[in-house]
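Take a look at the structure set out below.
The values are calculated or read from the model by the stated rules, or taken from the named source; none is laboratory data. Computed from a prediction, not measured in an experiment: that's the story for all the values here. Ideal geometry is used to build each Cβ from the backbone, glycine not excepted, and the neighbour counts take in all protein chains shown. To get the accessible areas, we keep the full protein, side chains included, count just its heavy atoms, and leave off ligands, DNA and RNA. Shrake-Rupley method; radii C 1.70, N 1.55, O 1.52, S 1.80 Å.
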Amino acid sequence: MFAATRASFELLFGVELQLQGIVIWDVAPGAEVDALLADLTTRERDGADVIIGLVAQAQPPKFEATSWTGDKNGDYALVFADLAQRDRYYRNLLRALAGLLGAEPTTDAASKQLGSFMSDATPPAGSAPVLDPENRGKVIINKRRPMAQADPGPTPDDGSNPDVEEN
């Protein structure tokens with residue numbers, strides 16, 4: 001799943017994904033989505049810019065992924081299993097990662113007909129991933145923005161250097 005997602009992001013956007021690590025997420029079955037998101041945001045990242053929580057259940061009907069707009073890209077997302085697909089996470093992982101870079105779910109007929117992974121269209125089995133032009137443009141423009149968590153924070157404007165110990 002990750003190798004396919006990495007290859008797709010490289011081809012579609014020129015973005016190289018690297019898997020930093022995998023941690024077993026011991027969360028009670030049936031946990032509420034808000035609790036999962038809250039728990040995910042507190043997890044150690046070990047230097048990774050993004051943290052993804054894979055959830056071994058179908059996406060709840062009322063779930064809406066966090067929208068990432070503004071001057072920074074998202075840094076966390078939940079990815080639910082798609083029980084109708086052979087590779088249960090691939091398409092949803094593409095969707096979540098593109099969403100972190102500003103892509104938005106689409107319901108327009110042209111995107112559905114195209115089979116955009118940001119729509120709820122079901123692509124033919126074994127077909128290559130497709131993204132609607134509007135969302136592809138957003139991801140390409142936004143891919144150079146910093147990630148929300150990756151921001152080192154404000155630097156002191158008083159001329160001091162917090163990394164230098166004073167005598």
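Things worth noting here:
- Residue match in region 124-146 (condition: open to solvent by less than 40 Å² (accessible area, probe 1.4 Å) and more than 21 Å from Leu11 (Cα to Cα)): no
- Residues that are among the aliphatic types (A, V, I, L, M) and open to solvent by 50 Å² or more (accessible area, probe 1.4 Å), drawn from region 78-101: Leu83, Ala84
- Note on region 46-65: among residues that are open to solvent by 30 Å² or more (accessible area, probe 1.4 Å) and more than 30 Å from Ala125 (Cβ to Cβ), the one that is nearest to the chain's Cα centre (by Cα) is Asp49.
- Val23 being open to solvent by 80 Å² or more (accessible area, probe 1.4 Å) and either of a type in the set (Val, Ile, Thr) or under 16 Å from the mean Cα position of the chain (by Cα) (or both): yes
- Number of residues in region 44-81 that are of a type in the set (Phe, Trp, Tyr) and part of a loop (DSSP other than H, G, I, E, B): the value is 2.
- Gly126 vs. criteria in a loop (DSSP other than H, G, I, E, B), without any contact (Cβ under 8 Å) to a residue 60 or more places away in the chain and under 17 Å from the mean Cα position of the chain (by Cα): no
- Residue pairs meeting the criteria (Cβ under 7 Å; at least 6 apart or on separate chains; first at positive phi, in region 98-110; second assigned to a loop (DSSP other than H, G, I, E, B) and open to solvent by 70 Å² or more (accessible area, probe 1.4 Å)): Gly102/Thr69
- If the condition is being free of Cβ contacts under 8 Å to residues at least 60 places away in the same chain and touching a Pro at 6+ places or on another chain (Cβ under 7 Å), then region 1-40 contributes only Val33.
- Within region 51-73, considering residues that are small (Gly, Ala, Ser) and out of contact with any Gly (no Cβ under 7 Å at 6 or more places or on another chain), the one farthest from Ala128 (Cα to Cα): Gly70
- Sole exception among (1) over 19 Å from Ile141 (Cα atoms); (2) open to solvent by less than 80 Å² (accessible area, probe 1.4 Å) for Glu104, by number: (1)
- Odd one out for Glu104, checked against (1) at pLDDT 90 or above; (2) in contact with a strand residue (DSSP E or B) (Cβ under 8 Å, 6 or more places away or on another chain): (2)
- One residue stands out among those in region 23-43 that are modelled with pLDDT of 80 or more and in a loop (DSSP other than H, G, I, E, B): the one that is nearest to Pro61 (Cα to Cα), which is Glu32.
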